[in-house]
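Below is one structure; the comments refer to it alone.
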Amino acid sequence: MAQKLSDSVCFALYTATNSLVRAFRPILDEYDLTYPQYIVMHSLWCQNDVSLKELSNDTHLDSGTLTPIVKRLESKGLLTRRVSELDERKKVISLTAKGSQLQDEANELTAQLESRSSMTAESIEALRLLCLELDENLRKSD
């Protein structure tokens, strides 16, 4: 018996991701950020003064994708890249005052999005944990 497309977990995740990014877009547009730029900023709000490799590990973005995002955020005055004092071969990525200030506004952004989802905080947390578990399991099988 053939399944409907909507019975596929892959399709459900794909469509939910697209809907989430579409819902985020107008909110992020107010801050002149794309979703990948927001991910990088959010990572830096959690841990500042990191190497590109650390940022790549946290965001799951490869350096070829991450480097142009970091450069764009630097041109917007939200972060800086400087040579590490410990290892001159490495760059340290740090938030500027403007980048740090954006964090307070971004907390409101997340609350707006959660409100639009019409899901309970418990459901959102359960979904988050399941997505992380799926990601971890799939990465192990690579």
Taking the Cα centre of the chain as origin and charging only Cβ (+1 Lys, Arg; -1 Asp, Glu), how large is the dipole, in debye to the nearest 20? 520
Count the net charge of all other residues whose Cβ sits under 12 Å from the Cβ of Val83, scoring Lys and Arg as +1 and Asp and Glu as -1. +2
If one takes the longest principal axis of the Cα atoms in the chain, at what angle in degrees, from 0 to 90 and to the nearest 10, does the Cα axis of helix 9-29 lie? 50
Relative contact order of the chain, please, whole-number percent, based on alpha carbon pairs below 8 angstrom and at least 6 residues apart. 17
Does anyone have the angle between helix 97-117 and the longest principal axis of the chain? Alpha-carbon axes, 0 to 90°, nearest 10? 10
In degrees between 0 and 90, to the nearest 10, how far off the longest principal axis of the chain does helix 35-46 point, with axes built from Cα atoms? 60
Qualifying lysines (Cα of each under 21 Å from Cα of Lys71; at least 8 residues distant if same chain): Lys53, Lys90, Lys91, Lys98
Out of Arg22, Arg81, Arg89, any idea which swings most in a Gaussian network model of the chain, alpha carbons joined below 10 Å? Arg89
What residue among Leu13, Leu33, Leu132 has the largest mean-square fluctuation in a Gaussian network model of the chain, using Cα springs under 10 Å? Leu132
When a footprinting reagent is the concern and you count Cβ atoms within 10 Å, what order do Lys90, Lys140, Lys98 take, fewest first? Lys140, Lys98, Lys90
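No value in this document is a laboratory result; all are computed from the given coordinates. Keep in mind it's a predicted model, so treat the numbers as computed, not measured. Cβ coordinates were reconstructed from backbone atoms using ideal geometry, including for glycine residues, and neighbour counts include every protein chain displayed.
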